[in-house]
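The values are calculated or read from the model by the stated rules, or taken from the named source; none is laboratory data. Model, not experiment: these values are computed from the prediction. In this analysis, Cβ positions are derived from the backbone assuming ideal geometry, glycine residues included, and neighbour counts consider all displayed protein chains.
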Amino acid sequence: MTLIHLWFVHHRSDRPIFNLDINPMTIMQRLPLRKALVGLFVGQILVAVGLVGYLSFRNGQSATNHLAAKLQMETTQRVQDRLNQFLATPQQVAAMSYQAAQWEQLDRSHLSSVARSLPF
């Protein structure tokens with residue numbers, strides 16, 4: 001006795017083109033237990049490897065993004081420090097020159113040579 005019995009009928013006659021009998025019990029009887037177990041274990045291994053690969057990829061992506069953001073912040077901080085240091089030098093020179101002029105310690109005849117020696 002079959003559980004599923006399919007008839008494919010030619011459109012001009014009532015003769016079946018072929019008969020497809022599918023019985024789950026006969027499929028289970030024909031499939032050896034060893035092959036079924038091997039198939040299940042291989043399936044589990046493939047799922048586990050795929051999941052570990054996906055999680056590793058996502059973790060690597062997250063770590064890379066975190067490292068890139070950290071490197072960008074460090075680079076920005078270094079540029080700001082160097083720029084502040086570079087821009088502070090003329091301000092210090094101007095403040096010292098102003099104080100020297102106020103105390104009349106600055107020789108005004110040498111101002112052009114002092115200006116030429118400054119790096120800016």
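Before moving on, here are some points about what is shown:
Each row is one residue, and each column tells you yes or no for (1) modelled with pLDDT under 95; (2) among the hydroxyl-bearing types (S, T, Y); (3) over 32 Å from the mean Cα position of the chain (by Cα); (4) not in a loop (DSSP other than H, G, I, E, B).
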{"site": "L55", "(1), (2), (3), (4)": "no, no, no, yes"}
{"site": "R82", "(1), (2), (3), (4)": "yes, no, no, yes"}
{"site": "Q85", "(1), (2), (3), (4)": "yes, no, yes, yes"}
{"site": "V93", "(1), (2), (3), (4)": "yes, no, yes, yes"}
{"site": "A100", "(1), (2), (3), (4)": "yes, no, yes, yes"}
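- Some residue of region 40-47 being surrounded by 10 or more Cβ atoms within 10 Å (Cβ to Cβ), at pLDDT below 95 and assigned to a helix (DSSP H, G or I): yes
- Number of the condition not met by G50 [criteria: (1) exposed (fewer than 10 other Cβ atoms within 10 Å of the Cβ); (2) modelled with pLDDT of 95 or more]: (1)
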